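The values are calculated or read from the model by the stated rules, or taken from the named source; none is laboratory data. What you are looking at is a predicted structure, and each value in this text was computed from that prediction instead of being measured. Glycine also receives a Cβ, built like all others from the backbone with ideal geometry; neighbour counts cover every protein chain displayed.
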Amino acid sequence: MRSEGSAPLGTKFRAMKLDRVILLFLALTGIVWADGLFVPQAGGGVVLDGRSLQEQKRLKLEGEEVPLAAVHSAAPVLATLTEKGGLVFWNLPDLVEASRHESPLFSEGIVELEFSLAGDKLYLLSSELNAVVVFDLEKSEVSGVLPVPGSRPLGLEVARQGLLVRQSDGVVLLSPQLETGLLAQFRLPGNLLATTVMEGELCAVTDRNSGAQRFRLSDGKPLELLAGGLSLKSIAAADSRNLFFLLSRNGGLESRSFSSESSLWSSPLGEAFDRLVYGGAGETIYALNQETGSVVAVEARNGAIVSRTRLESPGVPVVFGGL
């Protein structure tokens, strides 16, 4: 995205009057949605049924940009960001617009969006600013910018311990508190492919090592290799279920117990994939090949392939549901 300068922190942005009321209502109600998948595409995106992968709803945005997307941690609310359309919050699954916000900071090379675990903030990772822009949902304003030390940031993950920012050569752990800053740095050999957090540990996959390297987040201590001997492409964790999922470079998907590392199931997917996506109620895990547009839904409990589809030029999907 092109840079348009900086806006003073605390600047208010245009928003519909009921945006905070809508978000609060959704967060407090006990509504339960079935798992769904929002897949960004050029000019908008598509909502897919989480099991059949059939199209349920299509989102049309201004321009042909592929939006960035994130799903609220405690309510069926989707956030999208494009340079032309700004930051928009949508009620799922019907994609009803809840509020819209603008800021020059949103054009500063934002590469990923993530909601806080409490759901009261949206974090926007900027590769141009080398920083995380913090948007306060209650106040509808940017409340701060968290500097990211080291090389250009590539991705973001929110954990109980802080904000994990992926870089080409490692990961930095930041405090969400402006006055605290850097908590830890983890350097890795080769190019970083994927990370996940499981039971207070950072698990990282690179293109140089087999298996996944592990670090204890509390003190940065390196731990024994996870799934040593496997040539991995991606990893995902189901922390509440003591499970993790491993995607190998030959297209195989495996589930293991985190405490014992015993294999629970292994499933050949029939083609190579480059990313795992997991969330929502946790009944399904998804594998994506962004180059071919292939998406496969896999039963999380036994590895059975539920459905497949192929999409045109997909961005990174986000899972919603199980709220």
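Computed values, structure above
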{"quantity": "So SER267, is it of a type in the set (Ser, Thr, Tyr), at pLDDT 90 or above, within 23 Å of VAL316 (Cβ to Cβ) and out of contact with any helix residue (DSSP H, G or I) (no Cβ under 8 Å at 6 or more places or on another chain)", "calculated": "yes"}
{"quantity": "Some residue of region 234-244 being among the hydrophobic types (A, V, I, L, M, F, W, C), outside any strand (DSSP E or B) and either buried (at least 21 other Cβ atoms within 10 Å of the Cβ) or in contact with a helix residue (DSSP H, G or I) (Cβ under 9 Å, 6 or more places away or on another chain) (or both)", "calculated": "no"}
{"quantity": "Residue in region 208-222 that is touching a Lys or Arg at 6+ places or on another chain (Cβ under 8 Å) and not in a strand (DSSP E or B) present", "calculated": "no"}
{"quantity": "Filter result for the condition that a residue is in a loop (DSSP other than H, G, I, E, B) and within 26 Å of PHE320 (Cα to Cα), over PRO176, PRO189", "calculated": "PRO176"}
{"quantity": "Subset of region 37-80 that is on the phi < 0 side of the Ramachandran plot and modelled with pLDDT under 90 - its residue that is surrounded by the fewest Cβ atoms within 10 Å (Cβ to Cβ)", "calculated": "GLU62"}
{"quantity": "Within region 215-229, considering residues that are closer than 16 Å to SER257 by Cβ and in contact with a Leu (Cβ under 9 Å, 6 or more places away or on another chain), the one modelled with the lowest pLDDT", "calculated": "ALA227"}
{"quantity": "Complete set of residues in region 168-187 that are closer than 17 Å to LEU125 by Cα, touching a Gly at 6+ places or on another chain (Cβ under 6 Å) and not hydrophobic (A, V, I, L, M, F, W, C)", "calculated": "SER175"}
{"quantity": "Counted residues, region 286-308 - those being assigned to a strand (DSSP E or B) and surrounded by fewer than 18 Cβ atoms within 10 Å (Cβ to Cβ)", "calculated": "5"}
{"quantity": "Matching strands (runs of 3 or more DSSP E) fully within region 69-145 where at least 1 residues are more than 24 Å from GLU179 (Cβ to Cβ), without any contact (Cβ under 8 Å) to a residue 60 or more places away in the chain and touching a Leu at 6+ places or on another chain (Cβ under 8 Å)", "calculated": "77-82, 86-91, 110-115"}
{"quantity": "Residue match in region 23-32 (condition: closer than 23 Å to HIS101 by Cβ, among the hydroxyl-bearing types (Ser, Thr, Tyr), modelled with pLDDT under 55 and outside any strand (DSSP E or B))", "calculated": "no"}
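For every residue, the table says whether it meets (1) under 17 Å from LYS221 (Cα atoms); (2) of a type in the set (A, V, I, L, M, F, W, C); (3) surrounded by 15 or more Cβ atoms within 10 Å (Cβ to Cβ).
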position: SER151; (1), (2), (3): no, no, no
position: VAL158; (1), (2), (3): no, yes, yes
position: ARG166; (1), (2), (3): no, no, yes
position: VAL172; (1), (2), (3): yes, yes, yes
position: GLU179; (1), (2), (3): no, no, no
position: LEU183; (1), (2), (3): yes, yes, yes
position: PHE186; (1), (2), (3): yes, yes, yes
position: PRO189; (1), (2), (3): yes, no, no
